[in-house]
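First comes the structure, then the notes that go with it.
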Amino acid sequence: MGIDVGTTGCKVALFNQEGSLIYLAYREYPLYHPKPSWSEEDPKEVWSSITSSIREVLENVKVDPRDIVAISVSAQGEAFTPFDKDLNPLYRCITTWDDRATKEHEEFLKSINRFDLFKITGHPSSPVYTLFKLIWMKKHYQNIYERTWKFLLWEDYVNYKLCGNPAIDYSLASRTMMFDITKNTWSEEIISQAGIDIDKLPIPYPSGTVVGEVSSEASKEVGLAKGTLVVTGGHDQACGALGVGAITKGPIYVATGTVESMVATVQTPILKKEVLVMGYANYCHVVPNKFLILGANPAAGVILRWFRDNFSQEEVERAKRERRSPYDIMIEEASKVPIGSLGLLVAPYFMGAGTPNWDTKARGIILGLTLAHGRAELVRAILEGITYELRLNLEMFENLGIQVSEIRAVGGGARSKFWLQLKADITGKCVIVPEITEASSLGAAILAGIGAKVFKSIEDALFIYFKPRNRYMPNEDVKKLYDKLYSIYKRLYPTLKEIYVELFNIFSELK
């Protein structure tokens, strides 16, 4: 069984040992925004969603709980909650995209060199990481900080609830920006500099390690059999890369949802200054003795949602009548538009530029608008722009010496045949959609199987679980035209970089 704890919902997936997904349960939970740019979750609501999802799986499959040999967790990064000794939450969970610790981040960088911090943690420093939010909490909520027994992320919390061991794996620990990725331990240098008590942090273990068994109390609460093995999982991106078998040179894991993430597996972290500037994170993989490098476009699917909500009411109404997704209709109409969207270019910097430009001041661009353009042309241009950014990241990977032979695609964007072919045509890479697209849940389940010794090795497990369902090859004639458009697209950000700064400064003064 693999549990995937995301930002807005959780999935619980049950797999058999023959390579099939038997059942998937999903629950959503709300995000709370008590102040602008703050983002929180209620730990009780999240745990309730996890337990009800586990019970749904057990009830619908009608499996004997004793036949489930092991369970593991894939979790969103950075998000943490302070708990007392009785595991009562003392504050809501502060999630990844919350940037309340901006001042604390700036202050901390006065005491340590940013590149030195990068060489230890593999992460470009940012207010989103757990380290700076812990400093914020100690500064603003001293009483809560003092009462806290452990600050737990979602993997270690679920593990503790199930077996009484607050165990976190190396990959998720890496996402706190307090973990030394070359020594596989909490960094005493960073933690002492921050004034954080190291004994308030969970215990790090390698992924795929048995850390306990489901207790009698947990068995009654969630329905799993007492004695079911609890195994360390990992960060959702690392588990996702494992789930699609992108753990060797060549295949790149691309998950296209609200955010589009690109993950490459490497033997050693690439801790160069140019990597720091471009915003790429290096950290411990869930695969032994390997690392991953993570790129991201923070505004991918969310731009389509923005367009749907603001400009596509007609498609929304049609979707209701036809019982279809409005996105399917939007993309269907966009597919009828000629290549290049009648000369329209969209740079998807609606939430700033992600890797490799890494600029929070950058803003979205719609270039080339004429009276001939309508909704369909804009949607196609948005899809093309998101995919140009993907190509930009893959080229940067190759410039860093990372081999890129193919894309293994999952997420909402992998449900569209048109968009998958677009990925192939713009990047020039083969795009593969796996039979099982619940990559993070599968990655966690594989680690559970490794811990329980169901599989001799990760390679043996992938031989069973990874099967390509569809393959999209680039159309060379189409790619030649996209090459010309991409060469123009690449010049947009450098050309407007200084203008972004000027606009940012003007509107900062107006605030």
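Selection of first residues in segment 1-26 that are under 18 Å from S48 (Cβ atoms) and without any contact (Cβ under 8 Å) to a residue 24 or more places away in the chain and of second residues that are in a loop (DSSP other than H, G, I, E, B) and open to solvent by less than 50 Å² (accessible area, probe 1.4 Å), restricted to Cβ pairs under 8 Å at least 6 apart or on distinct chains, gives the following pairs, ordered by first then second residue: T8/Y29.
I144 - would you say it is under 22 Å from P43 (Cβ atoms), at pLDDT 95 or above, β-branched (V, I, T) and not in a helix (DSSP H, G or I)? Against the criterion (under 22 Å from P43 (Cβ atoms), at pLDDT 95 or above, β-branched (V, I, T) and not in a helix (DSSP H, G or I)), I144 does not qualify. From the list G428, G443, G449, the lone residue that is within 20 Å of the chain's Cα centre (by Cα) and open to solvent by less than 60 Å² (accessible area, probe 1.4 Å) is G443. Within segment 363-392, residues that are in contact (Cβ under 8 Å) with a residue 40 or more places away in the chain reach partners that are open to solvent by 30 Å² or more (accessible area, probe 1.4 Å) and in a loop (DSSP other than H, G, I, E, B) with beta carbons closer than 6 Å, at six or more positions or on different chains, in the pairs E377/L342. If you check L292, L344, L378 for being modelled with pLDDT of 95 or more and either on the phi > 0 side of the Ramachandran plot or in contact with a Ser or Thr (Cβ under 6 Å, 6 or more places away or on another chain) (or both), only one passes: L292.
If the requirement is being touching a strand residue (DSSP E or B) at 6+ places or on another chain (Cβ under 6 Å), at pLDDT below 95 and under 25 Å from F151 (Cα atoms), which of these qualifies: E28, E41?
Details: E41 fails: at pLDDT below 95.
Among E28, E41, only E28 is touching a strand residue (DSSP E or B) at 6+ places or on another chain (Cβ under 6 Å), at pLDDT below 95 and under 25 Å from F151 (Cα atoms).
Does E59 satisfy the criteria of being touching a helix residue (DSSP H, G or I) at 6+ places or on another chain (Cβ under 9 Å) and either open to solvent by 60 Å² or more (accessible area, probe 1.4 Å) or over 20 Å from I190 (Cα atoms) (or both)? When the stated conditions are applied, E59 does not pass them.
Mind listing whichever residues of segment 348-361 are surrounded by fewer than 24 Cβ atoms within 10 Å (Cβ to Cβ) and either modelled with pLDDT under 95 or under 18 Å from T256 (Cβ atoms) (or both)?
Going residue by residue through segment 348-361, those that are surrounded by fewer than 24 Cβ atoms within 10 Å (Cβ to Cβ) are 350-352, 356-361.
F350, M351, G352, P356, W358, D359, T360, K361 - these are the residues of segment 348-361 that are surrounded by fewer than 24 Cβ atoms within 10 Å (Cβ to Cβ) and either modelled with pLDDT under 95 or under 18 Å from T256 (Cβ atoms) (or both).
Please determine, by comparing only the residues of segment 470-511 that are open to solvent by less than 60 Å² (accessible area, probe 1.4 Å), free of Cβ contacts under 8 Å to residues at least 60 places away in the same chain and in a helix (DSSP H, G or I), which one is farthest from A362 (Cα to Cα). Looking at the filtered set, the residue picked out is K479.
Scanning segment 194-229 for residues that are assigned to a strand (DSSP E or B), small (G, A, S) and at negative phi turns up nothing. Checking each residue in segment 340-377 for being in contact with a strand residue (DSSP E or B) (Cβ under 8 Å, 6 or more places away or on another chain), within 26 Å of D477 (Cβ to Cβ) and part of a loop (DSSP other than H, G, I, E, B) picks out L344, P348, G368. Given the structure, is A319 of a type in the set (G, A, S), open to solvent by less than 20 Å² (accessible area, probe 1.4 Å) and touching a residue at least 12 places away in the same chain (Cβ under 8 Å)? No, not satisfied.
Let me confirm something: among V222, V230, V244, V259, which residue is of a type in the set (A, V, I, L, M, F, W, C) and at pLDDT below 95? Reasoning before the result, please.
On the way: V222 fails: at pLDDT below 95; V230 fails: at pLDDT below 95; V244 fails: at pLDDT below 95.
Only one candidate qualifies: V259.
Could you say whether any residue in segment 69-81 is surrounded by fewer than 21 Cβ atoms within 10 Å (Cβ to Cβ), of a type in the set (D, E, K, R) and closer than 24 Å to S440 by Cβ? No. In this structure, does T182 turn out to be closer than 24 Å to A70 by Cα, out of contact with any Lys or Arg (no Cβ under 7 Å at 6 or more places or on another chain) and open to solvent by 10 Å² or more (accessible area, probe 1.4 Å)? No. When the residues of segment 1-52 are filtered to those that are closer than 27 Å to I450 by Cα and of a type in the set (F, W, Y), the one that is most open to solvent (accessible area, probe 1.4 Å) is Y26.
Checked against (1) under 26 Å from G9 (Cβ atoms); (2) without any contact (Cβ under 8 Å) to a residue 12 or more places away in the chain, G243 passes all but a single condition, namely (2).
Open to solvent by 30 Å² or more (accessible area, probe 1.4 Å) and at pLDDT below 95: does that describe S111? Against the criterion (open to solvent by 30 Å² or more (accessible area, probe 1.4 Å) and at pLDDT below 95), S111 qualifies.
Can you tell me which residue among V230, V275 is crowded, with 24+ Cβ neighbours inside 10 Å, more than 15 Å from the chain's Cα centre (by Cα) and either within 27 Å of A70 (Cα to Cα) or among the hydrophobic types (A, V, I, L, M, F, W, C) (or both)? If you could, list the steps in order and put the result at the bottom.
Numbers: V275 fails: crowded, with 24+ Cβ neighbours inside 10 Å.
Step by step, each of V230, V275 is checked, and only V230 is crowded, with 24+ Cβ neighbours inside 10 Å, more than 15 Å from the chain's Cα centre (by Cα) and either within 27 Å of A70 (Cα to Cα) or among the hydrophobic types (A, V, I, L, M, F, W, C) (or both).
Would you call D197 open to solvent by less than 20 Å² (accessible area, probe 1.4 Å) and modelled with pLDDT of 95 or more? Lay out the reasoning, then the answer.
Details: open to solvent by less than 20 Å² (accessible area, probe 1.4 Å): no; modelled with pLDDT of 95 or more: yes.
Here the answer is no, as D197 does not meet what is asked.
Here segment 70-108 is the region considered, the condition is being under 21 Å from the mean Cα position of the chain (by Cα) and among the aromatic types (F, W, Y), and the residue that is modelled with the lowest pLDDT is W97.
Just the residues that are within 30 Å of K110 (Cα to Cα) and either among the hydrophobic types (A, V, I, L, M, F, W, C) or crowded, with 17+ Cβ neighbours inside 10 Å (or both), please, taken from segment 143-168.
Result: I144, Y145, T148, W149, K150, F151, L152, L153, I168.
The values are calculated or read from the model by the stated rules, or taken from the named source; none is laboratory data. These figures come from a predicted structure and were not determined experimentally. Cβ atoms come from the backbone with ideal geometry, glycine included; neighbour counts cover every protein chain shown. To get the accessible areas, we keep the full protein, side chains included, count just its heavy atoms, and leave off ligands, DNA and RNA. Shrake-Rupley method; radii C 1.70, N 1.55, O 1.52, S 1.80 Å.
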